[in-house]
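Peer 1: Mind having a look at this structure? Questions to follow.
The values are calculated or read from the model by the stated rules, or taken from the named source; none is laboratory data. Just so it is clear, the structure is predicted and the values come from calculations on it, not from any experiment. Every residue, glycine as well, gets a Cβ built from its backbone with ideal geometry; the counts of neighbours run over all protein chains shown.
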Amino acid sequence: MHDEIREAAQRCRRWLVEEALPHWGASGFDWERGMFAEGLDGAGAPFWQPIRFRVQSRQIYVFSHAALLGWYEGGELAERCAMFGMRHFADGAGNQLFSLNADGSPADGAVCCYEYAFALLAECWLYRLSGEPRWQQQAESRYQAIELLFADPLYGGFHSRFPASALRSQNPHMHLFEALLVAAECFDEPRWQGRAHRLYRLFRQRLLEPALLREFFDERLLPTHPDSHLIDPGHHYEWCWLLARYRALSQGWECGPSEREIDEGIAILTRFATTHGHGPTGLVLDELSDDGLPHRATSRLWCQTEQLKALLAAYEWRGEAETARQIGTVVGRVFDYYLMPALPGQWLDQVDVTGAPLAGHAPASTFYHLFVAFSELVRVAQKEG
């Protein structure tokens, strides 16, 4: 194993175990309501306006995975949120709302596929943590709700919200694919494998173009919406990691991708992101136009964690020294620009084109990105070591 991998893994694990997990477990959860805070402010105090459904699901993932790894006793928090906190989001019609106000009243009543995809992810991790059949049953019910509310039988894929709107996005498809991969690994059932494979085929045939991946589409899933020119390099990197995960998981499946197809997809995504997606600091930019020019030259933390995951997938596949060096560099940037300037266990959300901070609060939703990336780094280091 290369030294850069070992040293970066030790640093990231130490930060999670000694700083982030204890801090968020103590300050970022309301035990009485069973809900995770929307974030922590620059002084370390929780804020609750609004409270998004996705944050609950993402934090359930974080604390379930941490408990499984033996890094933090977060299982009780995760299960308390799943059993009690998530109920606050019920809209009375059997669906879950996008967000609540601090007093628990509805803030945004939208019913969104993105939110449901993360709820499915959370339910799969609760099953991993406890082995209780109810979470497997809940995961199946969740997927059935996704099909019922969001599936488009005419043009394919899933609408972003219910009722459907004219704007469609690749992002809910990406996170649903992520959740389906976890479900397929957890439950080892052909139906979950088939669901993941069908979504992969949609990605290859309808979403990924020969040179890039667009964010937004019209109601027919065509790139004719006024926002179809917008490109997210962070999502290019995120898909690289997901494609590599799919390749690894689907080895024994009846359905699965070809080696050539996965390599081609990763190459398209990597080429565009590395060519156009970085600013003068080396950080991944938030948003580009389809001509490769910056649309928003700021850099959020989550985009950097997705580059790290893509590099880890490449290193695990080929083990090249140059990739190990790049991993060390990206981890260094994450700490230098986002973690070290914040309170211990917190982070800055976004910096400008020069690397200067734009906000002092720490959104809870970013913990998911950090935990996936850092735990993947530790896993790869342990595998190599």
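Peer 1: Does G385 satisfy the condition of being more than 17 Å from L40 (Cα to Cα), of a type outside the set (F, W, Y) and modelled with pLDDT under 95? Talk me through it step by step, then tell me what you get.
Peer 2: On the way: more than 17 Å from L40 (Cα to Cα): yes; of a type outside the set (F, W, Y): yes; modelled with pLDDT under 95: yes.
When the stated conditions are applied, G385 passes them.
Peer 1: Would you mind telling me which numbered condition in (1) surrounded by fewer than 23 Cβ atoms within 10 Å (Cβ to Cβ); (2) in contact (Cβ under 8 Å) with a residue 40 or more places away in the chain; (3) farther than 19 Å from H235 by Cβ; (4) more than 18 Å from the chain's Cα centre (by Cα) Q193 fails?
Peer 2: (1)
Peer 1: Sticking with this structure for a sec: Those residues that are closer than 18 Å to R58 by Cβ, charged (D, E, K, R) and in a loop (DSSP other than H, G, I, E, B), I need them from region 14-48; list them, please.
Peer 2: Answer for region 14-48, where residues must be closer than 18 Å to R58 by Cβ, charged (D, E, K, R) and in a loop (DSSP other than H, G, I, E, B): R33, E38.
Peer 1: Another question about this same structure. Out of the residues in region 1-38 that are buried (at least 23 other Cβ atoms within 10 Å of the Cβ) and of a type in the set (G, A, S), state the one that is nearest to R325 (Cα to Cα).
Peer 2: A8
Peer 1: Counting only residues that are buried (at least 17 other Cβ atoms within 10 Å of the Cβ) and under 15 Å from S169 (Cβ atoms), how many does region 229-247 have? Steps first, please.
Peer 2: Just the residues of region 229-247 that are buried (at least 17 other Cβ atoms within 10 Å of the Cβ), to begin with: 231-247.
Narrowing the set further to residues that are under 15 Å from S169 (Cβ atoms) leaves 231-232, 234-236, 238-239.
Number of matching residues: 7.
Peer 1: Let me ask something else about it. Under 16 Å from S64 (Cβ atoms) and modelled with pLDDT of 95 or more - does that describe any residue in region 146-169?
Peer 2: Going through region 146-169, the residues under 16 Å from S64 (Cβ atoms) turn out to be none.
So far as region 146-169 goes, no, none of its residues is under 16 Å from S64 (Cβ atoms) and modelled with pLDDT of 95 or more.
Peer 1: Next question. Hey, could you check region 224-254 for residues that are in contact with an Asp or Glu (Cβ under 8 Å, 6 or more places away or on another chain) and assigned to a loop (DSSP other than H, G, I, E, B) and say which is farthest from C303 (Cα to Cα)?
Peer 2: Out of the qualifying residues, it is T224.
Peer 1: Can you give me the ranges of the helices (runs of 4 or more DSSP H) entirely in region 259-367 with at least 2 residues that are in contact with a strand residue (DSSP E or B) (Cβ under 9 Å, 6 or more places away or on another chain)? Full working, then the answer.
Peer 2: Numbers: elements: 259-276, 301-318, 321-333.
Passing ranges, in order: 259-276, 301-318.
Peer 1: With the checklist (1) under 30 Å from A166 (Cβ atoms); (2) buried (at least 22 other Cβ atoms within 10 Å of the Cβ); (3) without any contact (Cβ under 8 Å) to a residue 60 or more places away in the chain in hand, flag the one item R52 doesn't pass.
Peer 2: Looking at each condition in turn, R52 falls short on (3).
Peer 1: Report the residue count in region 204-228 for those that are within 21 Å of E264 (Cα to Cα), in contact with a Phe, Trp or Tyr (Cβ under 7 Å, 6 or more places away or on another chain) and crowded, with 17+ Cβ neighbours inside 10 Å.
Peer 2: Kept after step one, since they are within 21 Å of E264 (Cα to Cα), are these residues of region 204-228: 204-215.
Filter once more, so that each one left must be in contact with a Phe, Trp or Tyr (Cβ under 7 Å, 6 or more places away or on another chain): 211-213.
Okay, now just the ones that are also crowded, with 17+ Cβ neighbours inside 10 Å, so 212-213.
Of the residues in that region, 2 qualify.
Peer 1: Return a yes/no flag: does region 159-167 have any residue that is surrounded by 23 or more Cβ atoms within 10 Å (Cβ to Cβ) and touching a residue at least 24 places away in the same chain (Cβ under 8 Å).
Peer 2: As a first pass, look at region 159-167 and keep what is surrounded by 23 or more Cβ atoms within 10 Å (Cβ to Cβ): none.
No, every residue in region 159-167 fails to be surrounded by 23 or more Cβ atoms within 10 Å (Cβ to Cβ) and touching a residue at least 24 places away in the same chain (Cβ under 8 Å).
Peer 1: Please work out which residue is surrounded by the most Cβ atoms within 10 Å (Cβ to Cβ), limiting yourself to region 128-152 and to residues that are hydroxyl-bearing (S, T, Y) and more than 19 Å from the chain's Cα centre (by Cα). Give the steps one after another, and end with the answer.
Peer 2: Taking region 128-152 first, the residues hydroxyl-bearing (S, T, Y) are 130, 141, 143.
Subset that is more than 19 Å from the chain's Cα centre (by Cα): 130, 141.
Details: S130: 16, S141: 12.
In this case the residue turns out to be S130.
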